[in-house]
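Structure first, commentary second.
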Amino acid sequence: WRALVMTRLTLKEARALGIIQAKPKKKVSPKTTLPRVQWDARTFAGGLWLQIPEVPPSLNVWKNWHWAKQHRYKEELKADISKLAIAFKLPKFRRATVLIKYYFGTNRRRDPADNYAPKFLMDALVNAGILKDDNGDLVTVQVAMEVDREKPRTEVFIWEGK
């Protein structure tokens, strides 16, 4: 007679197969949810404004990421900025002044000079064709930091000329 072979499933596998019910999701109170910031872009005379619904990680954070995670983050940011450029038919700039404003959700002390250098963001703007190049001869970059507890985000202002 044949021996009975038993297989053990993890709880996650059993839930995925529908053998046991998934955990009920916690209900979030509407009072505690923050308004969601959306990807957005607008043009104005001689310039452009972009809104990114997140504050990018600081140098202290992303330098410790595995190279594959860094690559994935950069590629997603490039793809998102490129989609924004196509959707809003954004202009292209050969020479530009770029102001990047980070709006943080907390009032913690931060170092804008080197820890929030916008490397990935500038590469994404070049990849999307908004900037011809992020070379220092063609582009001037300024970084500012503010606090918006309700809507943390990044805003990018680009003006023609340098």
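When you scan the stretch 83-97, do you find a residue that is buried (at least 18 other Cβ atoms within 10 Å of the Cβ), closer than 15 Å to residue 141 by Cβ and not basic (Lys, Arg), even just one?
Of the residues in the stretch 83-97, the ones buried (at least 18 other Cβ atoms within 10 Å of the Cβ) are 84-85, 90, 93, 96.
With closer than 15 Å to residue 141 by Cβ added as a condition, the list becomes 93, 96.
If we keep only those that are not basic (Lys, Arg) as well, we get 93, 96.
Yes, because at least one residue in the stretch 83-97 is buried (at least 18 other Cβ atoms within 10 Å of the Cβ), closer than 15 Å to residue 141 by Cβ and not basic (Lys, Arg).
Which residue pairs have Cβ atoms under 9 Å apart, sit 6 or more places apart or on different chains, and have a first residue in the stretch 136-154 that is within 21 Å of residue 47 (Cα to Cα) and a second that is of a type in the set (S, T, N, Q) and surrounded by 12 or more Cβ atoms within 10 Å (Cβ to Cβ)?
139/97; 140/97; 141/97; 142/97; 153/51; 154/51
Run residue 125 past the list (1) buried (at least 17 other Cβ atoms within 10 Å of the Cβ); (2) within 17 Å of the chain's Cα centre (by Cα); (3) of a type outside the set (S, T, N, Q); (4) assigned to a strand (DSSP E or B) and report the number of the one that doesn't hold.
Going through (1) buried (at least 17 other Cβ atoms within 10 Å of the Cβ); (2) within 17 Å of the chain's Cα centre (by Cα); (3) of a type outside the set (S, T, N, Q); (4) assigned to a strand (DSSP E or B) one by one, residue 125 breaks only (4).
If I filter the stretch 126-160 down to residues being closer than 22 Å to residue 90 by Cβ and small (Gly, Ala, Ser), which single residue comes out as modelled with the lowest pLDDT?
The qualifying residue modelled with the lowest pLDDT is 144.
Could you tell me which of the residues 38, 51 is polar (S, T, N, Q), out of contact with any Cys (no Cβ under 8 Å at 6 or more places or on another chain), in a strand (DSSP E or B) and more than 14 Å from residue 119 (Cα to Cα)? Don't jump to the end; show me each part of the working.
Working: 38 fails: in a strand (DSSP E or B).
On inspection, the qualifying residue turns out to be 51.
What pairs come out if I take residues in the stretch 97-122 that are touching a residue at least 12 places away in the same chain (Cβ under 8 Å) and among the aliphatic types (A, V, I, L, M) and pair them with residues that are open to solvent by 30 Å² or more (accessible area, probe 1.4 Å) and part of a loop (DSSP other than H, G, I, E, B) whose C-beta lies under 6 Å away, six or more apart or interchain?
Sorted first by the residue in the stretch 97-122, then by its partner, the pairs are 122/134.
When you look at residue 73, is it surrounded by 16 or more Cβ atoms within 10 Å (Cβ to Cβ), among the hydroxyl-bearing types (Ser, Thr, Tyr) and modelled with pLDDT of 90 or more, yes or no?
When the stated conditions are applied, residue 73 does not pass them.
Would you call residue 55 of a type outside the set (D, E, K, R), over 17 Å from residue 159 (Cα atoms) and surrounded by 11 or more Cβ atoms within 10 Å (Cβ to Cβ)?
Values: of a type outside the set (D, E, K, R): yes; over 17 Å from residue 159 (Cα atoms): yes; surrounded by 11 or more Cβ atoms within 10 Å (Cβ to Cβ): yes.
Spelling it out, residue 55 is indeed of a type outside the set (D, E, K, R), over 17 Å from residue 159 (Cα atoms) and surrounded by 11 or more Cβ atoms within 10 Å (Cβ to Cβ).
Return the total of residues in the stretch 58-70 being surrounded by fewer than 16 Cβ atoms within 10 Å (Cβ to Cβ) and either among the basic types (Lys, Arg) or part of a loop (DSSP other than H, G, I, E, B) (or both). Don't jump to the end; show me each part of the working.
In the first step, residues of the stretch 58-70 are kept if they are surrounded by fewer than 16 Cβ atoms within 10 Å (Cβ to Cβ); the result is 59-70.
Retained after the next criterion (residues that are either among the basic types (Lys, Arg) or part of a loop (DSSP other than H, G, I, E, B) (or both)): 63-66, 69.
Residues flagged as surrounded by fewer than 16 Cβ atoms within 10 Å (Cβ to Cβ) and either among the basic types (Lys, Arg) or part of a loop (DSSP other than H, G, I, E, B) (or both) within the stretch 58-70 amount to 5.
The values are calculated or read from the model by the stated rules, or taken from the named source; none is laboratory data. Everything numeric here is computed off the predicted structure, so don't read it as measured data. Backbone-built Cβ (ideal geometry, glycine too); neighbour counts: all protein chains shown. Surface accessibility is based on the protein's heavy atoms, side chains included, excluding ligands, DNA and RNA. Shrake-Rupley method; radii C 1.70, N 1.55, O 1.52, S 1.80 Å.
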